[in-house]
1. Using a Debye calculation, one point per C-alpha and no hydration shell, please list log10 I(q)/I(0) for the stretch 67-115 at q = 0.26, 0.29, 0.31 Å⁻¹ in order.
2. Sum -39500 (n - 2.57) across every DSSP H segment of at least 4 residues in the chain, then divide by the residue count to get the 222 nm mean residue ellipticity, nearest 500.
3. Find the centroid of the Cα atoms in the stretch 46-70 and in the stretch 120-182, then give the distance between the two in whole Å.
4. Return the loop-located GluC sites (Glu not before Pro) in the stretch 1-98 (DSSP other than H, G, I, E, B) with at most 11 other Cβ atoms within 10 Å of their own Cβ; answer none if there are none.
5. Just flag the trypsin sites (Lys or Arg not before Pro) in the stretch 1-94 sitting in loop per DSSP whose Cβ has no more than 13 other Cβ atoms within 10 Å.
6. Stokes-Einstein at 37 °C, 0.692 mPa s, Kirkwood radius from Cα pairs: D for the stretch 1-88 in µm² s⁻¹?
7. Quick check: net charge around GLY123, other residues with Cβ under 15 Å of its Cβ, Lys/Arg +1 and Asp/Glu -1?
8. So what are the ³J(HN,Hα) numbers for the stretch 171-184, from phi and the Karplus equation (6.51, -1.76, 1.60; θ = phi - 60°), rounded to whole Hz, Gly and Pro as x?
Amino acid sequence: MQPRATIGIIGGSGLYAMPGFETKEELRLETPFGEPSDAYVLGTLEGVRVAFLARHGRGHRIAPSELNFRANIYGMKMLGVERILSLSAVGSLKEEHRPLDFVIPDQFVDRTRGRISTFFGRGIVAHISFADPVCPQLANMVHNSAGELGINSKLGGTYLCMEGPAFSTRAESNLYRSWGMDVIGMTNLTEAKLAREAEICYVTIAMVTDYDCWHSEHEAVTVDQILQTLKQNAENACKLVRHAVSRMPKTRACKCGSALKHAILTDPAAIPQNIKDELGLLIGKYTGG
């Protein structure tokens with residue numbers, strides 16, 4: 001398949017479409033890992049070829065634990081995407097990260113259970129470097145765009161990825177605060193791991209909706225409260241994405257595009273042919289097809 005897009009946008013809670021697309025079309029893909037969350041919406045944004053995917057499906061039909069993360073990221077790779085801007089609603093675990101703020105984390109902590117977060121196994125072993133899970137070039141670009149637009153954004157911090165779908169207990173919320181976590185969400189760590197394996201640059205734009213349940217004025221998070229904040233966040237998110245896309249350099253000055261270069265341990269001759277065929281898009285340049 002010829003490249004259809006160079007930038008991927010994953011919309012989270014409250015963002016099921018991206019306004020401003022030109023020459024818009026929808027494309028449903030079947031990946032070796034099944035169907036992605038929804039059709040990819042393809043078009044141009046500020047003159048750049050972009051693919052948008054609603055993470056939870058339009059109408060918010062898919063719970064965090066039910067997401068087919070592998071299909072979502074592999075589909076982006078099939079389209080030719082080199083960079084992913086991932087928008088995600090989060091709760092704040094620090095007073096300084098206020099509702100309506102954006103946080104661009106550079107670290108993750110995993111509190112999920114049983115999610116499949118790798119393309120590998122089944123006859124091929126690969127260990128990516130994940131010490132720095134977010135593309136620094138992309139993170140800095142997004143943060144600078146937020147500053148130019150007057151959007152309050154914090155660069156850096158740790159995103160704690162919980163299982164859900166229930167929100168935290170107060171004990172859990174206070175535990176995560178004692179660890180120094182900045183924000184809490186249910187999706188982005190798995191995406192980040194798979195994007196790195198797919199050699200796609202990845203950044204999270206974490207949109208703060210609430211203070212979780214640790215805050216004396218936010219003792220119980222409700223969906224109604226979150227939805228109200230999401231509506232306000234969505235407008236700023238769309239502005240930020242358009243601005244960042246318009247200033248995206250054509251070439252990548254990071255190591256994300258060669259993440260698998262020294263990661264595959266399995267002798268190419270020992271990799272089952274069906275796995276070579278299935279993962280050819282990811283590993284072909286290293287295993288000879």
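The values are calculated or read from the model by the stated rules, or taken from the named source; none is laboratory data. Computed from a predicted model, the values in this text were never measured in an experiment. Every residue, glycine as well, gets a Cβ built from its backbone with ideal geometry; the counts of neighbours run over all protein chains shown. The accessibility values were calculated without ligands, DNA or RNA, using every heavy atom of the protein model including side chains. Shrake-Rupley method; radii C 1.70, N 1.55, O 1.52, S 1.80 Å.
1. Each listed q corresponds, in turn, to -1.12, -1.18, -1.22.
2. About -8500 deg cm²/dmol.
3. 18 Å
4. Hits after loop and neighbour filter: GLU30, GLU95, GLU96.
5. Within the stretch 1-94, the qualifying trypsin sites (Lys or Arg not before Pro) (loop, at most 13 other Cβ atoms within 10 Å) are ARG28, ARG58, ARG61.
6. Rounded to a whole number, D works out at 258 µm²/s.
7. So the environment of GLY123 carries a net charge of -1.
8. Each residue's phi maps through the Karplus curve to give 5, 5, 4, 5, 4, 5, 5, 5, 7, x, 5, 9, 9, 9 Hz.
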